[in-house]
Amino acid sequence: MKGPLIISLDVPSKEDLFDIINEFPKDEKLTVKIGMEMFYAEGPQIVHELLQRGLQIFLDLKLFDIPNTVKSGMHQIGKLGVQYTTVHALGGSKMITAAKQGLVEGAKESGVKPANLLAVTELTSITPEILKNEQNSRLNMVNQVVSLAKMAKFSGADGVITSPLEVKSLKKQVGDDFLYVTPGIREKGAAKDDQSRTASPSQAAEYGSSALVVGRPIIKSNDPVRAYHGMLEEWNNAN
Ligand code: C5P
């Protein structure tokens, strides 16, 4: 099933964030991504405020620590009632299982639905050279990503963050019953910023993305609402 087009609110302050949000109609069912910058600046209060406004939240904090510490952290995230959150798959199967347990227990304590746990496989900043020479992986990038995605699924993750260009082959090897959430989305012919491997919303739909993450093409646009609706329509109307 096609999931949301998630707006990545990569801005430094709460004021900047609400400048964008307030442009949208109050009843618009938005899903927004909050990252480390905003969360470290504003804390859980920003999450409460956005949830109170009826928004769905992807809290992208990419946890990576020993299993017990990640479980405790995820317990707190679980209590917040967000819809998506992230861990690094490189933390290993025990850490991912602990993350899921923490999320489920925290959500239960607050009486909310547990967030979807998404695993980051290899960061897009990791080159094949870094993989080989610094991470000392015996696998090439594609096989490494597939291997980490399979392990994450087996360990209780609900999906992965991946480039839209990798979804087809990942789906074949990891399965349809897993979320493939894809950043790197640009309209055909639009500026790529620092993203090198991009796809348009309709291409991402064709490749099988479960949900899109879009930042600059919306938040840096002169008309964020229009930019969002344009991309949303393309995403929703694509097969
Ligand atoms: O502005 P842009 O659309 O490129 O923003 C994409 C968002 O997705 C940013 O928050 C970025 O950090 C995040 N992301 C990414 N590539 C990944 C993982 C996350 O672009 N592999």
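The values are calculated or read from the model by the stated rules, or taken from the named source; none is laboratory data. Model, not experiment: these values are computed from the prediction. Positions of Cβ are generated from backbone atoms using ideal geometry, with glycine treated the same way; all protein chains shown enter the neighbour counts.
Things worth noting here:
- Pick from the range 151-170, criterion surrounded by fewer than 18 Cβ atoms within 10 Å (Cβ to Cβ) and not hydrophobic (A, V, I, L, M, F, W, C), ranking: farthest from residue 194 (Cα to Cα): 156
- Filtered residue count, the range 1-44, keeping only those that are within 16 Å of the ligand (Cβ to nearest atom) and among the aromatic types (Phe, Trp, Tyr): 2
- Those residues of the range 185-234 which are near the ligand (Cβ under 10 Å from one of its atoms) and not in a loop (DSSP other than H, G, I, E, B), in sequence order: 185, 212, 213, 214, 216, 217, 218, 219
- Screening 171, 150, 192, 188 for residues that are charged (D, E, K, R), over 19 Å from residue 87 (Cα atoms) and modelled with pLDDT of 95 or more leaves exactly one candidate, 171.
- The residue that is farthest from residue 3 (Cα to Cα), among those in the range 51-82 that are within 16 Å of the ligand (Cβ to nearest atom) and either surrounded by 19 or more Cβ atoms within 10 Å (Cβ to Cβ) or of a type in the set (Ser, Thr, Tyr) (or both), is 63.
- Taking first residues from the range 63-84 that are of a type in the set (Ser, Thr, Tyr) and partners that are part of a helix (DSSP H, G or I), the Cβ contacts under 7 Å between residues at least 6 apart in sequence or on separate chains come to 72/102.
- Checklist (1) in a loop (DSSP other than H, G, I, E, B); (2) touching a residue at least 40 places away in the same chain (Cβ under 8 Å); (3) surrounded by 21 or more Cβ atoms within 10 Å (Cβ to Cβ) applied to residue 124, failing item: (3)
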